[in-house]
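These notes are about the structure you will find just below.
Derivation of every value follows stated rules applied to the coordinates shown; laboratory data play no part. Fair warning: this is a prediction, and the values are worked out from it, not measured in the lab. Using ideal geometry, Cβ is built from the backbone for each residue, glycine included, and neighbour counts are taken over all protein chains shown.
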Amino acid sequence: MPYTVMIHVLNEDAVVGEVENLPEPGDQIIIVNNVRRRDGRDVSYVLPETNTVVYPWTRVHCVEILPSEAEEEVVSFIRE
């Protein structure tokens with residue numbers, strides 16, 4: 001199951017993409033598919049036809065795991 005993540009790259013704006021598996025403690029890199037900015041625009045240092053980007057952990061500040069649409073819980077009030 002692919003996970004949507006937000007990667008905070010050192011000295012760059014955060015990027016959003018999909019990863020097949022969550023990173024393990026011993027990993028040296030993170031492989032991200034469909035890299036884009038948070039607002040959906042292209043990342044300036046990645047060619048538009050590129051599908052996969054490999055980031056070394058030395059360039060990553062942190063990784064946020066974003067909830068999928070299926071996991072999001074919508075709370076609404078229904079008046080009966």
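Annotations
- Between ARG36 and ASN51, the contour length at 0.36 nm per residue exceeds the alpha carbon distance by 4.4 nm.
- Using a cutoff of 8 angstrom between alpha carbon atoms and counting only pairs six or more residues apart, the relative contact order for the chain works out to 34 percent.
- By the count of neighbouring beta-carbon atoms within 10 Å, fewest first, ILE31, ILE7, ILE65 end up ordered ILE65, ILE31, ILE7.
- A simple charge model with +1 on the Cβ of Lys and Arg, -1 on the Cβ of Asp and Glu and nothing else charged puts the dipole of the stretch 3-65 at about 160 debye relative to its Cα centre.
- Considering only GLU18, GLU49, GLU64, the Gaussian network model of the chain with Cα springs below 10 Å gives its largest mean-square fluctuation to GLU49.
- When P(r) over Cα pairs in 10 Å bins from 0, in percent is calculated for this entry, the matching label among (1) 16, 48, 22, 8, 5, 1; (2) 14, 15, 13, 12, 11, 9, 8, 7, 5, 3, 2, 0; (3) 17, 55, 23, 4, 0 is (1).
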